[in-house]
Every structure is written in structure tokens, then in C-alpha cells.
2 protein chains.
Amino acid sequence: MSYFAKIKPIIATCFMVMLFGVTGMAAAQSADLLTEKKSFTLEHYTTVSGQNLKNVQLGYETYGTLNVAGTNAIFIAHYFSGTSHAAGKYQTSDKAAGYWDSIIGAGKAIDASKYFVISADSLANLNFKDLNVITTGPSSINPDTGKPYGLSFPIISFKDTVRVHKALLDQLGVKQLYAVAGASGGSVQAMEWATMYPDFVARVIHVIGPGFAMPAWSLALLEAWAAPITADPNWSHGDYYGKDEPLDGVAAAMKLVTLTARNWGWADATYGRKFAEEGKNPADALDHKFAIEAGLAKAGAARAVTTDANNFLYMVKANQMFNVEADIGKITAKILFIPAKSDLIFPPQYARAAYEKFKAMGKRGEYFELDGTGGHLDGLLNISQAADVMRKFLAE
Amino acid sequence: MSYFAKIKPIIATCFMVMLFGVTGMAAAQSADLLTEKKSFTLEHYTTVSGQNLKNVQLGYETYGTLNVAGTNAIFIAHYFSGTSHAAGKYQTSDKAAGYWDSIIGAGKAIDASKYFVISADSLANLNFKDLNVITTGPSSINPDTGKPYGLSFPIISFKDTVRVHKALLDQLGVKQLYAVAGASGGSVQAMEWATMYPDFVARVIHVIGPGFAMPAWSLALLEAWAAPITADPNWSHGDYYGKDEPLDGVAAAMKLVTLTARNWGWADATYGRKFAEEGKNPADALDHKFAIEAGLAKAGAARAVTTDANNFLYMVKANQMFNVEADIGKITAKILFIPAKSDLIFPPQYARAAYEKFKAMGKRGEYFELDGTGGHLDGLLNISQAADVMRKFLAE
């Protein structure tokens, strides 16, 4: 077990105490939505595959207030490499707000003055080393052994994450989900919600998602992302705890995630054929790079800092397994499909086909396509395009 | 130096002797175009970057007969992972013919009964370990040391390959290229031909190409392909000769090449969500795979058998450097642009933009888009769609 794994719960607790300390004061000084990370624990949880886990902990945060009837809640499920931090800041000095801050908050499309918005970390969240993330997965300590589970952790699907999130909502007093929304892997969880708890979920907002099942192309991309991790000798078949971790493999994986989450239009607009370093023509040496190569390498390395290798592999598996085609008939929620035109991970034709299938089954669906050349990430960075559509969808 | 590197020239020679032996007889028994691999040597060559190389050898093959005036020649430049084997078979028992056999041969779009068709291996050809490939690159023996060059081999651009190919054509008595054609990396070389030897080249057929420069997106994809090779500890900074070679890295690279050369439509049609092995549900274990994952892994491993790691890296660099934007004005050839609709390596908008720019400069261009969901590889596997357009383009 690494030193980090040992002390992480202590650091996280201290960090949250600090946050509690500043929240009130900072709120008085800024218009920013200030939020705090909280922790939820299930002492016993049995996975869909029938494995028993003890002490399952997940982090979450909320924006707004639950009404007395418990019926104004909107759950936000996060994407593959995301966390519960969908909106607001933990402290006013934070450089960036949560990833959907443009649409979540008082007066925004997902209006925190009307709705009680909850967002939670998934099981096996990638960002295991992020002090603001609380998750249970293969790199967590197995209470029975005092050591990380590693690959002995059971395979989990998004159905498991949704079941644990449902227990959290029950504890918070939520009686019905006014809506569940999510981007990418979060859109997948939103669909799981609608099929697993049809009476509980009134609306689904499925952003940059695959529809009702993971397409073969996306399956293969997920595997391609994971390949550098298992190829890194430091991965050691998942038993890297207390040893050198497969940091190079994780950085290479995150580099590939970053590239495939974009599009050629983004590459042209952001980099073109610029050199990484002025005066170092890539024609002159193998290690002279173009700016886009250096930019992606830097992004991959930066994102790898908080990313755990085994959690990454378990999230790949969870995404690959997504398939609710057989359960569409159970859905009573209305669904808003919002793909992005230039998305290469879940090309919009999949959401379009799912929308058409859903309508053909006599169900209530709406469709809005994000314009742009930013690729898959338009579902995060350009989501404000859909603000009015979302607002209207939630009002009806 | 590996045993293989030592004996390769001997094996190749034996192989060609065998071919010579069967060619005549087999031709009498089959309608297949039979071809033979030949070798061309330049005793001295100075690269564009000013480095001197001795004993530069490249393989080539020809279909048809050169006319007395030397003006009916069509040169076929090969793609990234391709070879000179564009058409025909070396022996009637070969399982597959050359990659463009559907459009090259007597009576076909590139009519070997009218034209003298030549195709040659590039410098630093990937398929260094293919006995039918003759190339000079970083893994070739440096005559001065008797050992492979490794990374001491000069960086080469496609301008170097084109210059060596021009010397080959001069030796063969070609006075003018009636046309130069190529797919992907071959389309890039065709553009280099048109700008380097404008008086020599009458027509260009630019299939699944990027237009006049490598876009940032494609640059980055090329780097992503190469990453598993340099990450493989066996690569040893390019000094793997006589040691364990970075075979895993090369296989991972070729797997990624195979995936990105395709498209989601191909993935759905070929694999869908089928399991790799019946009864082994991917939900049950991390190493239970979907069919598309297993299929790509198999393809990557198969293609890696003949692929040399350092040659791969040098070809990545050569492709990345492609940029003839400043030389378009020199081109006198007419150009036929043939992108593929579902291409994700060189999306058709690049060829379309190049075509429009070329026309706007008062030059002669034509445009035809291959339909299909096969991705980049439609430029090889579905090229027969363009047969009539090519035939007409060549007749005018």
C-alpha cells in the first residue's frame, strides 16, 4: 500500500474541514456559487454481480435546497474522467468552477434557486488522487485486508454506481428525481437511472451520449485509451501499490482521451502546424515536435497526476458494458438528447437514432444538436448553446 | 545486428530468383497479372537535409510496357504501411493481389495495356521485415560501420523518397509521367512530385489525401500511432538491434493505425457488440473482450510481424512534415482529388478545400468523393467506385 493511499482519507477530511471553515465567509464576498464536498457511506453493498463490499464511500455536492415534498431534485452524473464537481467553486480562489457551471446555478438553465441539484462521484472514479474526490474502487483499501483491492475488486457496472447514488438520494430525502442529467459517461448513467427506477425519474437529459448502448466504435476507443496503461511494465497486472506507479501509461492514456475527445476543426483552430518551440523545426530532429503534439502531451501528463490506473481500467469496463436496449420499454421519463455535431467518440447519429427509436415507441423525446468543431468536449465547453432548450424541457 | 538483418538480402535474392522461375509458366495458366519485385540502387544519395548516404536500395515492380517515347508511365506511390505491391500477384498461389488490383491492370482504370505502371517502395518503408520489400532506412546496414544506422540515419522527408524514385524513372527511360497516383501517404508523395518536377508530371490522382499540407489533427494522430513504440522499453531509444525488439509496441501502434483508419459505421457492420468468445461475457472479467477488441488486437499483431519500429517512426516524421502550400503555384499538372466520405484520418473537407483553392488559382482540378462507412480504408478497399472517374481523367 502506498503512503498516499494510507493518508488519503486523513488529508481529505482535513481538506473538507478547511472548506467548511471558509464557505460562509467567502460566500459573502462573491457572486460565485460556493459548494462543499460531502461524503456518503454505505456500510454494506452487494454489487449487481453478487459481490459484497463493505464501507462503500462516495463524495457528493449539492446546489440549492430540497423542497418539503422531496420532488425538486436534479441529479447530475459525471463523465468518464469527471468528478462530482459540476458547478460552483470550493473556494472563491479556485481557478475554475465546476465543468457545467455555465448551466447550473441560480437563474441558470438548471436553476439552483428552483431545484435541488446533487452530483456525486462514481464508483472507481478515475481521479482517485484528487483530494476533492471520494470514491470506492480497486485502489481503495479493502477493510478485510487493510490493503488495496487491486484486481480483486469486483467488476462494477454503472448500474452499481446508480444503485449507490439512489441510496444517497434516499438518505437525503429525495422522493422523486425531477430530472437526471449527464454528459458522456454521465449520459449513460442517466439512461441507467431511467430504466432501473422508471417511477422515480421524470426527465432525462442525455448530453453527448451514445443512446441506449455503447457502440462498437466507442468500445474500441475505450480499449485504445486503456492500452498504454496495461502496456506499462509498472502496471504489474494491477499490483502497483507501494511501488512505482504506471504514470507514463496513465499519461499516454489521458493524452489519447484528450485527442479523441476533440476534432480536426479544434486542432486547426488551436494549433495548426505551429512548432512546439520556436526555432526547433520538427524537420530537424525526431524529438522536435509540433505544438499540437506538445500540447497533448502536456494535457495528458497534467490529467494523469490525479488519475489512478486501475480505476481507469474499471471505468473503461463499466462504459463498455452499457446496454439498456432491452429495457427501453420500461422508461416513463421524457428524454432530451443533446449530441455534439463534431463528436468523434459518440457521433451524433447514435443519439439521433436513439431519439427516433424512442419516439417510434410512442415515448416522449426531444433532440437538439450542439454546433461546433470542438468534438466530444463541446458537450462540456459549449453546453450553454443548449441552455434555453434545457430550460424549456425542465419547465414542461 | 540481428541474424535476420544479416541474412535478409540473401533471402530476398533467393526469393526473387524463385519468382523469376515461375513467372512465365504461371502467366500461361491464369488471368492474374503476375509481377516481380526488382531492386534499384543509387550508390550515392544526398538527402534534402544535406546528409550523404551510400548504397540506397529500393524495391519496385512494373505492370505494362513503356512506349518508345517514354511518355506513357504512371507512377503509383504507396501509403503509410504499404509497399510497392499495388497490383497483381507475385505467384498465382498468393492469397491476395496488390492493394489497388481492382483499378490497375489490363483493361482496368489504370490500364496496364496502355500505360507503363511503376510502383516502388519508399525510403524507410515500414515493412522492413517483409521479404518482398526492399528499402533503405534507419534499420538498414550502414556500409561505413557494418551495423544498422538506428537513429543516426538522417531525417528524411517524402521529397527524398520522390528524388530517389525520380532517379529510378530516369534509369527506366521514363521521359514524362503521364500521371502519378497514390492513396494516403502515397497521395502526399504524388503532390510532392507535382511541385518538385512540374514539367515532368502531367496528372495527379490524390486519393484519401490531405490536400497540400498535413493538418494538425493528422499530425497528432501520427504521433498517437507512434507513442506505443517509443513507450516500449525494448525500443531502447532506437538501439534494439540484436536484442529483443519492441514487438508489443509495434503491435499496439498497428492496432491504433487499424482502428483510426476505420469508422464507426465499419465497427457496427463488422462487429457490433459481439463477444470475442462465446460464453465469455465481458461483464464477467477484465480480460473478457468484445469481438472488436480482439479483432483489432489480432490485426495489429499480424501487421506488426513485418513492421520495423524505427522505420515506423521515420515514416511518421516524413508524413508530419508534408507541406507544399508555398509551392502550389508551380504545379502545372491537373489534379483529381478523391477523398472518402467517412475518412477520419484525412476528413474529406481537406481535399475539398485543396480542390477549391487549386481551382481558385486558375488551375485544373477535379473532385470525386468515395461513399461508404469504411473510413480511410475506403480509399483502398472501395476505390473501384472511382474507376470511371479515373479512366475519364486519364483519357483527357
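Of the residues in the range A:325-347, how many are surrounded by fewer than 19 Cβ atoms within 10 Å (Cβ to Cβ) and in contact with an Asp or Glu (Cβ under 6 Å, 6 or more places away or on another chain)? Adding up the residues that qualify gives 1.
Among the residues making up the range B:87-96, a single one is assigned to a loop (DSSP other than H, G, I, E, B) and of a type in the set (Lys, Arg): B:Lys95.
Using the structure shown, decide if A:Phe200 is closer than 26 Å to A:Val250 by Cα, of a type in the set (Phe, Trp, Tyr) and out of contact with any His (no Cβ under 6 Å at 6 or more places or on another chain).
Values: closer than 26 Å to A:Val250 by Cα: no; of a type in the set (Phe, Trp, Tyr): yes; out of contact with any His (no Cβ under 6 Å at 6 or more places or on another chain): yes.
Criteria not met by A:Phe200.
Within this structure, B:Ser187 passes the test of being crowded, with 24+ Cβ neighbours inside 10 Å and in a helix (DSSP H, G or I).
Under the condition of being surrounded by fewer than 22 Cβ atoms within 10 Å (Cβ to Cβ) and in contact with a strand residue (DSSP E or B) (Cβ under 9 Å, 6 or more places away or on another chain), the residues counted in the range A:300-324 number 2.
Taking the stated definitions as given, is A:Tyr355 more than 13 Å from every other protein chain (Cβ to nearest Cβ) and within 30 Å of B:Asp343 (Cβ to Cβ)? Considered against the rule, which asks whether it is more than 13 Å from every other protein chain (Cβ to nearest Cβ) and within 30 Å of B:Asp343 (Cβ to Cβ), A:Tyr355 comes out as yes. For the range B:263-277, taking the residues that are under 21 Å from A:Val316 (Cα atoms) and either of a type in the set (Asp, Glu) or touching a Gly at 6+ places or on another chain (Cβ under 6 Å) (or both), the one that is nearest to the other protein chains (Cβ to nearest Cβ) is identified as B:Asp268.
Any idea which residue in the range B:378-396 is nearest to B:Ala97 (Cα to Cα), counting only those that are free of Cβ contacts under 8 Å to residues at least 60 places away in the same chain and part of a helix (DSSP H, G or I)? Among residues in the range B:378-396 that are free of Cβ contacts under 8 Å to residues at least 60 places away in the same chain and part of a helix (DSSP H, G or I), the one nearest to B:Ala97 (Cα to Cα) is B:Leu381. Selection within the range A:279-310: residues that are among the hydrophobic types (A, V, I, L, M, F, W, C) and assigned to a loop (DSSP other than H, G, I, E, B). The member of this set that is nearest to A:Gly150 (Cα to Cα) is A:Val305. In a residue-by-residue description of the range A:133-152, the property of being farther than 17 Å from A:Leu53 by Cα and away from chain B (no Cβ under 14 Å) applies to at least one position.
Kindly establish whether B:Ser218 is assigned to a helix (DSSP H, G or I) and more than 12 Å from chain A (Cβ to nearest Cβ). So B:Ser218 does not fit the description; no. Just one of the listed residues (A:Leu168, A:Leu123) is assigned to a loop (DSSP other than H, G, I, E, B) and either among the small types (Gly, Ala, Ser) or touching a residue at least 24 places away in the same chain (Cβ under 8 Å) (or both), and it is A:Leu123. Of all the residues in the range B:312-363, those that are β-branched (Val, Ile, Thr) and over 28 Å from A:Asp284 (Cα atoms) number 3.
Condition first: part of a helix (DSSP H, G or I), more than 10 Å from every other protein chain (Cβ to nearest Cβ) and free of Cβ contacts under 8 Å to residues at least 40 places away in the same chain. Now tell me which residues in the range A:331-352 satisfy that. Break it down stepwise before answering.
To start, the set of residues in the range A:331-352 that are part of a helix (DSSP H, G or I) comprises A:348-352.
Then drop every residue that is not more than 10 Å from every other protein chain (Cβ to nearest Cβ), which leaves A:348, A:351-352.
Hits for the range A:331-352 are A:Pro348, A:Arg352.
Of the strands (runs of 3 or more DSSP E) that lie entirely inside the range A:26-86, those containing 1 or more residues that are surrounded by fewer than 17 Cβ atoms within 10 Å (Cβ to Cβ) and in contact (Cβ under 8 Å) with a residue 40 or more places away in the chain span A:38-46, A:52-63. For the condition farther than 29 Å from A:Leu296 by Cβ, modelled with pLDDT of 95 or more and either among the aliphatic types (A, V, I, L, M) or not assigned by TED's automatic domain parsing to the domain that holds A:Tyr60 (or both), A:Met196 qualifies. Regarding A:Ala213, is this residue touching a helix residue (DSSP H, G or I) at 6+ places or on another chain (Cβ under 7 Å), closer than 30 Å to B:Gly265 by Cβ and surrounded by fewer than 24 Cβ atoms within 10 Å (Cβ to Cβ)? The answer is yes for A:Ala213.
Any idea how many residues of the range A:46-62 are under 18 Å from A:Pro148 (Cβ atoms) and more than 14 Å from chain B (Cβ to nearest Cβ)? Break it down into steps so the answer makes sense when it comes.
The initial filter retains those residues of the range A:46-62 that are under 18 Å from A:Pro148 (Cβ atoms), namely A:47, A:51-58.
The next check asks that each one be more than 14 Å from chain B (Cβ to nearest Cβ); those that pass are A:52-58.
Residues that pass the stated criteria total 7.
For the range A:361-371, indicate whether the set of residues that are under 22 Å from the mean Cα position of the chain (by Cα), within 14 Å of chain B (Cβ to nearest Cβ) and of a type outside the set (A, V, I, L, M, F, W, C) is non-empty. So far as the range A:361-371 goes, no, none of its residues is under 22 Å from the mean Cα position of the chain (by Cα), within 14 Å of chain B (Cβ to nearest Cβ) and of a type outside the set (A, V, I, L, M, F, W, C).
When A:Ser139 is tested against (1) outside any strand (DSSP E or B); (2) under 24 Å from A:Met191 (Cβ atoms); (3) out of contact with any Leu (no Cβ under 6 Å at 6 or more places or on another chain), just one condition goes unmet, and that condition is (2).
Being outside any helix (DSSP H, G or I), at pLDDT 95 or above and more than 9 Å from chain B (Cβ to nearest Cβ): is that true of A:Gly209 here? Walk me through how you get there before you give the answer.
On the way: outside any helix (DSSP H, G or I): yes; at pLDDT 95 or above: yes; more than 9 Å from chain B (Cβ to nearest Cβ): yes.
Yes; evaluated as a whole, the condition is true for this residue.
Taking the criterion of being hydroxyl-bearing (Ser, Thr, Tyr), in contact (Cβ under 8 Å) with a residue 60 or more places away in the chain and in a loop (DSSP other than H, G, I, E, B), would at least one residue in the range B:369-377 satisfy it? Yes, there is a match, as at least one residue in the range B:369-377 is hydroxyl-bearing (Ser, Thr, Tyr), in contact (Cβ under 8 Å) with a residue 60 or more places away in the chain and in a loop (DSSP other than H, G, I, E, B). For A:Ala224, the conditions (1) surrounded by fewer than 24 Cβ atoms within 10 Å (Cβ to Cβ); (2) in contact with a Phe, Trp or Tyr (Cβ under 7 Å, 6 or more places away or on another chain); (3) closer than 24 Å to B:Trp266 by Cα; (4) not aromatic (Phe, Trp, Tyr) are fulfilled apart from (2). Could you give me the residue pairs with C-beta distances under 6 Å whose first residue belongs to the range A:95-116 and is under 20 Å from A:Gly173 (Cβ atoms) and in contact (Cβ under 8 Å) with a residue 12 or more places away in the chain, whose second residue is crowded, with 20+ Cβ neighbours inside 10 Å and among the aromatic types (Phe, Trp, Tyr) wherever it lies, and which are 6+ apart or on separate chains? Going by the 6 Å Cβ cut-off, the qualifying pairs are A:Ala112/A:Tyr63. Scanning the range B:221-262 for residues that are under 21 Å from A:Arg262 (Cβ atoms), facing another protein chain (nearest Cβ under 7 Å) and touching a residue at least 40 places away in the same chain (Cβ under 8 Å) turns up B:Glu223, B:Leu256. Anything in the range B:271-299 that is surrounded by 22 or more Cβ atoms within 10 Å (Cβ to Cβ) and either touching a Ser or Thr at 6+ places or on another chain (Cβ under 8 Å) or touching a residue at least 60 places away in the same chain (Cβ under 8 Å) (or both)? List them, or say none. Listed by number, the residues that qualify are B:Ile292, B:Leu296. Restricted to the range B:316-330, and to residues there that are within 10 Å of another protein chain (Cβ to nearest Cβ) and outside any loop (DSSP other than H, G, I, E, B), the residue that is farthest from the chain's Cα centre (by Cα) is B:Glu325.
The values are calculated or read from the model by the stated rules, or taken from the named source; none is laboratory data. Fair warning: this is a prediction, and the values are worked out from it, not measured in the lab. Here Cβ is always computed from backbone atoms with ideal geometry, including for glycine, and neighbour counts include all displayed protein chains.
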